[in-house]
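To start, the structure under review is shown below, and the notes come after it.
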Amino acid sequence: MMGDSRPLVGRHALVTGGGRGIGAAIARQLLVLGAAVTITGRDQKRLDEAAAAMGCQGLAVDVTDPAAIQTGFARASAQLGPIAILVNNAGIAKAAPFARTDLALWDDILRTDLTGAFLCTQAALPDMLKAGWGRVVNVASTAGLTGMAYCAAYCAAKHGLVGMTRALAVELAAKPVTVNAVCPGYTETDIVEETIANIVAKTGRTRDEALAGLVASNPQKRLIKPEEVAEAVAWLCLPGSGSITGQSIAVAGGELM
Ligand code: NDP
């Protein structure tokens, strides 16, 4: 990046789930670096507001709907050019003891957090291979690298995403397309607010006690900021990061080493 403060000028980046939380921070960071950005999600109104505030394009694309992905990605490319950077960030997190993890919850999480990334990558990859340059960054989780109680479905999906990252990185190693994952620890977004509310409702703990329980696993004893995850994603997208592929980088204050 040295000497060029906008190294992604001319690149079109698509960020799934880019209307809020970690995805919005990633979209903002890629815009700063000069990329043209499309953010997607399910809620068109929220996307329109976020896109207008950021100065990018917002398109409703449900990552659990293969046809919507095909149509949406084609529309995104028609507007802003071939997709050069794909950030698979859209995701949901629901906790439940294993015995109460029913098939609906399991399917819901796997379909969104894992199959969604698979389908979006298949839709974007031809553009990258044709252009001879590309970056795929998957937003996994520390739950993709280690086991966590009451999170069997989420851990399975995120471990799967890390596995797909590694396999595709090797498969594409001879091409100028890198595939990496970032693995945030608990990060200040709606997902964590919902997790805290869930703990408070189920255990009777106070909000502060629930929060202290979540950050206990992070040696820095704090939540990660969405902007910190965005910095790592943006770095992986830089032209100079071409030799980094197949990595799953924890952004977690030392939670995992
Ligand atoms: P938020 O709940 O704030 O945002 C989730 C995003 O995903 C929203 O933009 C939402 O858009 C989108 N999304 C959810 N389901 C779908 C779907 N079916 N199709 C399209 N978009 C969808 O969560 P975070 O920002 O915290 O999470 C972003 C990613 O980071 C997720 O993959 C999550 O697993 C991961 N992560 C989060 C951590 C945390 O502690 N916050 C820790 C580790 C990983 P909309 O509502 O418009 O559909």
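Based on what the data block shows, is residue 20 more than 8 Å from the ligand (Cβ to nearest atom) and either at pLDDT below 95 or not polar (S, T, N, Q) (or both)? Quick ask: steps written out before the conclusion?
Details: more than 8 Å from the ligand (Cβ to nearest atom): no; either at pLDDT below 95 or not polar (S, T, N, Q) (or both): yes.
When the stated conditions are applied, residue 20 does not pass them.
Quick check: is even one residue across the stretch 2-15 surrounded by 14 or more Cβ atoms within 10 Å (Cβ to Cβ) and near the ligand (Cβ under 8 Å from one of its atoms)?
First, the residues of the stretch 2-15 that are surrounded by 14 or more Cβ atoms within 10 Å (Cβ to Cβ): 7-8, 11-15.
Filter once more, keeping what is near the ligand (Cβ under 8 Å from one of its atoms): none.
No, there is no match, as no residue in the stretch 2-15 is surrounded by 14 or more Cβ atoms within 10 Å (Cβ to Cβ) and near the ligand (Cβ under 8 Å from one of its atoms).
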*Mind checking which residues of the stretch 11-25 are part of a loop (DSSP other than H, G, I, E, B) and in contact (Cβ under 8 Å) with a residue 60 or more places away in the chain?*
11, 17, 18, 20
*Sort out which residues of the stretch 68-88 are assigned to a helix (DSSP H, G or I) and either within 13 Å of the ligand (Cβ to nearest atom) or not assigned by TED's automatic domain parsing to the domain that holds residue 30 (or both), and write them in order of number.*
68, 69, 72, 73
*asked:* Please go through the stretch 109-151 and give me each residue that is in a loop (DSSP other than H, G, I, E, B) and farther than 25 Å from residue 253 by Cβ, ordered by number.
replied: 132, 133
*Tell me, please, whether a residue that is β-branched (Val, Ile, Thr), away from the ligand (no atom under 11 Å from the Cβ) and on the phi < 0 side of the Ramachandran plot can be found in the stretch 46-63.*
no
*asked:* Suppose we filter 142, 101, 165, 178 for residues that are over 20 Å from residue 40 (Cα atoms), away from the ligand (no atom under 16 Å from the Cβ) and surrounded by 20 or more Cβ atoms within 10 Å (Cβ to Cβ); which single one remains?
replied: 178
*asked:* Looking at residue 59 and the list (1) assigned to a loop (DSSP other than H, G, I, E, B); (2) farther than 18 Å from residue 231 by Cβ, which single condition is not satisfied?
replied: (1)
*asked:* If residue 200 meets every condition in (1) closer than 21 Å to residue 98 by Cα; (2) of a type outside the set (Phe, Trp, Tyr); (3) without any contact (Cβ under 8 Å) to a residue 12 or more places away in the chain; (4) within 15 Å of the ligand (Cβ to nearest atom) apart from one, which number is that one?
replied: (4)
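Matching residues to (1) more than 27 Å from residue 193 (Cα to Cα); (2) touching a helix residue (DSSP H, G or I) at 6+ places or on another chain (Cβ under 9 Å):
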{"site": "12", "(1), (2)": "yes, yes"}
{"site": "17", "(1), (2)": "no, yes"}
{"site": "54", "(1), (2)": "no, yes"}
{"site": "73", "(1), (2)": "yes, yes"}
{"site": "78", "(1), (2)": "yes, no"}
{"site": "90", "(1), (2)": "no, yes"}
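Answer yes if at least one residue in the stretch 160-171 is modelled with pLDDT of 95 or more and over 20 Å from the mean Cα position of the chain (by Cα), and no otherwise. Steps first, please.
Of all residues in the stretch 160-171, those modelled with pLDDT of 95 or more come to 160-171.
Next, only the ones that are over 20 Å from the mean Cα position of the chain (by Cα) stay: 170-171.
Checked against the condition, which is being modelled with pLDDT of 95 or more and over 20 Å from the mean Cα position of the chain (by Cα), the stretch 160-171 yields at least one hit.
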*Residue check: is residue 116 crowded, with 18+ Cβ neighbours inside 10 Å, modelled with pLDDT of 95 or more and away from the ligand (no atom under 14 Å from the Cβ)?*
no
_Lone unmet requirement of (1) within 21 Å of residue 97 (Cβ to Cβ); (2) surrounded by fewer than 16 Cβ atoms within 10 Å (Cβ to Cβ); (3) within 12 Å of the ligand (Cβ to nearest atom) for residue 193_ = (1)
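The values are calculated or read from the model by the stated rules, or taken from the named source; none is laboratory data. Only a predicted model underlies this, so the values are computations on that prediction, with no experimental measurement involved. Heads up, the Cβs are rebuilt from the backbone with ideal geometry, glycines too, and the neighbour counts pull from every protein chain shown.
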